[in-house]
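The values are calculated or read from the model by the stated rules, or taken from the named source; none is laboratory data. The structure presented is a predicted model; accordingly, all values stated were derived computationally and were not measured. Glycine gets a Cβ as well: all are built from the backbone with ideal geometry, and neighbour counts include every protein chain shown. Side chains are part of the model used for accessible areas, which takes the heavy atoms of the whole protein and leaves out ligands, DNA and RNA. Shrake-Rupley method; radii C 1.70, N 1.55, O 1.52, S 1.80 Å.
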Amino acid sequence: MEFGEIVSVLLQGAIVTIKIVAMALPLATIMAFVFGLVRLYAPAPFKQVAIVYIEFFRGTSALIQLYWIYFVLPFFGITIDAMTAAVVALGLNIGSYGTEVVRGAIQAVPKGQYEASVALNFTASQRLWRVIMPQALVNMIPPFGNLAIELVKATSLVSLITIGDLTFKAKSLADTTLQVGEIFGVVLVFYFVMAQVLMLFIKRLEKYLSKGLGRGGFSS
Amino acid sequence: MNGFDWDWAFTWDVLPMILSAAKVTLLATLLGSIFAIIMGLVFALLRRSKSRLTRTSVYWIVEFIRSTPLLVQIFFLYYVMPEFGISMSPLATGVFALGLHYGAYLSEVFRSGIDGIEKGQWEASRALNLSIIDTYRDIVLPQAIRPMIPATGNYIIAMFKETPQLSAITLLEMLQMAKIIGSENFRYLEPFTLVGLLYLVFSIVAAYGIYQIEKRFPKEGFSLK
Amino acid sequence: MSAPIIEFKNVKKCFGDTVIFSDFNFKVEENEIVSIIGPSGSGKSTLLRILMTLEGIDGGYINVAGESLWHMPWQGQYVPANSKHLHKMRNHLGMVFQHFNLFPHMTVKRNITEAPMRVKGVSRQDAEELAEKLLALVGLADKADSYPNDLSGGQKQRVGIARALAMKPSILLLDEITSALDPELVDEVLDVIRNLVKEESFTMLLVTHEMYFAREISDRVCFFDKGAIVEEGEPEIIFTAPKEERTKAFLNAYIGQS
Ligand SMILES: Nc1ncnc2c1ncn2[C@@H]1O[C@H](COP(=O)(O)OP(=O)(O)OP(=O)(O)O)[C@@H](O)[C@H]1O
Ligand SMILES: [Mg+2]
């Protein structure tokens, strides 16, 4: 097979990979914020639910979660297609790590900020959304960036439930042609480039936020 | 809706099989950890090399390994190594891949651990005319190890949790076993849930173990002799 | 004589096993300026933080402006205050912090207008007018659009004062507001307070290590040690003829330093 052909097949796979990232990332972000905040501020039963979710998804691995959602849920009468299973599993998995990012970033905001906002008589939600969160968001960007890269890497697992992503395309090409070195070499470079582009974007964002408009936070 | 209830008889049937596969999982983790620690040290020391070319290339190699998927690295080794006449068993391939991947992560831990040693310690070693090997062995590593335990431990647990990916190259570890059982019996609920729970239990136990090791580790360092 | 604006009755406060106040009684009259001096760890900050509702109490009662601070009446009894009650009580109080605690993500002006707008519902126009007035008062009219990180310590603290004043508290709490400043910046901050009390009457409770300032500004000075008032009285008397040995020792140590 010609090199150009290989690349074009792999590009199709890369598009699927990017699609999965584009869907799982928002889900992970939502999970991270909702459960991170619940874990920090919600009363007892909700907090316990959050802890169970977090510990469960962090204590087992993404691939098992993916298989569980894809192969076991049908036994409960919930049949979902591979793509949905992939997005849900990866979103929940990365989201569980994200909760700790949210929590850590909020706790890293100096205590004096909270105290000043009490002294100025802000309500609890104003304290969080107007004072603490704008500063915490800046702290969150680098660790969220790392998680986004972990997500890109984790998408390769979806090839194991027959989704035609970059890794899947590579493996099927490798099984049919003999140019395995070229194929996997190109695939690794593809993933590497995706990660570097993400990294660049994150660095930019961080720089913009800390030097530009906000100086130490998002201004609203 | 046939699988809605948990089948205990089936559970007891499959548990021994899964536990026997757990041995493979643990073996892969153990060998992978040893290899990863060695690779991590090699990378970390090369990053401190005098040659700028070495430093930069090792930086990019580590960056490359860290930002590409483990699964693809596993496939790469599995498919490409035989091209060079090296054919390895799935276990050896898996250990190699895990060690390389997590060695890249660990090199960062080791690097910052070594950087964390005060400049004065290096200078004092210099003043005492210790060789570079003696300096590392007697002065730097004994002090650097304790602060590196938690991060190293976390990466080893992370590695353990990624061993199911070795099922992709037919290594008969826990997940692969569960998958085979599941497809033979048309019941995935029990085997997959068991595997998930076993991972959860193992990682909790391991996290506790690491905490204990860190706690017991002498604060003032120790002598490597 | 009218009722005191602040009153502590048998207040108890612990941090875990450490008892800070075991049976603390204390009063401040309206428009009185009270300085609190004393060694480190004696509970001075804790006193102000309890008033600002940043710390709870473990026993006793505190009245502020005729109402219980940490308790509220409910079905004929006093029960621990809920957040609504605390919100109401905080309207009486304002605080300036040792480490300024300005909001780094807001401009100076925004630091001052945010609370009046969000908490009191003041219109943006009114809040900004007030902010300009206060910034002129603290001598920072030209810094309205700067960010806190671009200001000197003294300037930051003057913004901190303006921010607290914008909420128009009847009681102002100042906790070592010049301790984090370089010596040459101390007076620009103290001058703001001097001018402030010249123009308006305030109830003010200040913890300070600037003895000369305490002496010139206060109506009363309290010497604190180990969670109790060892000696209190007019500044002239405390500073020139203290009765208690511990006060003498403390003040001598200070004179020795400067
Ligand atoms: N959150 C807390 N948890 C535990 N102990 C505390 C806490 N805050 C204060 N303390 C202790 O309470 C005592 C009184 O503290 P406080 O800050 O009121 O002292 P202070 O008189 O303001 O001293 P300084 O002059 O150093 O500011 C100290 O021994 C301090 O260690
Ligand atoms: Mg204090």
Residue satisfying all of: in the range C:241-258; open to solvent by 90 Å² or more (accessible area, probe 1.4 Å) and among the polar types (S, T, N, Q); modelled with the lowest pLDDT among these: C:258
Residue list for the range B:168-200, filter: open to solvent by 10 Å² or more (accessible area, probe 1.4 Å), part of a helix (DSSP H, G or I) and out of contact with any Pro (no Cβ under 9 Å at 6 or more places or on another chain): B:168, B:183, B:184, B:193, B:194, B:197, B:198, B:200
Any strands (runs of 3 or more DSSP E) falling wholly within the range C:143-258 and containing at least 1 residues that are closer than 21 Å to residue C:133 by Cβ: C:171-175, C:203-207
Filter result (surrounded by 21 or more Cβ atoms within 10 Å (Cβ to Cβ), among the hydrophobic types (A, V, I, L, M, F, W, C) and part of a helix (DSSP H, G or I)) within the range A:161-183: A:166, A:170, A:173, A:174, A:180, A:183
Single match in C:18, C:46 (criterion: within 12 Å of ligand 1 (Cβ to nearest atom), within 14 Å of chain A (Cβ to nearest Cβ) and of a type in the set (Val, Ile, Thr)): C:46
Among residues of the range C:60-85, those that are away from ligand 1 (no atom under 16 Å from the Cβ) and open to solvent by less than 20 Å² (accessible area, probe 1.4 Å), counted: 4
Residue that is within 16 Å of ligand 1 (Cβ to nearest atom) and either at pLDDT 95 or above or in contact with an Asp or Glu (Cβ under 8 Å, 6 or more places away or on another chain) (or both), where the choices are C:165, C:190, C:173: C:173
Residue count for the range C:21-43, restricted to those that are within 15 Å of ligand 1 (Cβ to nearest atom) and exposed (fewer than 14 other Cβ atoms within 10 Å of the Cβ): 2
Within the range B:201-225, tally of residues that are open to solvent by 70 Å² or more (accessible area, probe 1.4 Å) and facing chain A (nearest Cβ under 8 Å): 1
Test for residue C:60: is it assigned to a loop (DSSP other than H, G, I, E, B), more than 16 Å from ligand 2 (Cβ to nearest atom) and away from every other protein chain (no Cβ under 11 Å): no
Residues (at pLDDT 85 or above and either touching a Ser or Thr at 6+ places or on another chain (Cβ under 7 Å) or aromatic (Phe, Trp, Tyr) (or both)) located in the range A:197-220: A:201
Contacts under 6 angstrom Cβ, first residue in the range A:5-22 being under 15 Å from residue A:198 (Cβ atoms), partner at pLDDT 95 or above and open to solvent by 10 Å² or more (accessible area, probe 1.4 Å), 6 or more apart: A:14/A:190
Complete set of residues in the range C:84-110 that are touching a Lys or Arg at 6+ places or on another chain (Cβ under 6 Å) and more than 9 Å from chain A (Cβ to nearest Cβ): C:108
Where a residue in the range B:86-115 is over 25 Å from residue B:145 (Cα atoms) and its partner, wherever it lies, is in a helix (DSSP H, G or I) and of a type in the set (Ser, Thr, Tyr), with Cβ under 7 Å and at least six apart: B:93/B:78
Residue ID - farthest from the other protein chains (Cβ to nearest Cβ), chosen from residues in the range A:192-211 that are open to solvent by less than 70 Å² (accessible area, probe 1.4 Å) and within 19 Å of residue A:22 (Cα to Cα): A:205
Options A:158, A:186: the member that is more than 7 Å from chain B (Cβ to nearest Cβ), open to solvent by less than 10 Å² (accessible area, probe 1.4 Å) and assigned to a helix (DSSP H, G or I): A:158
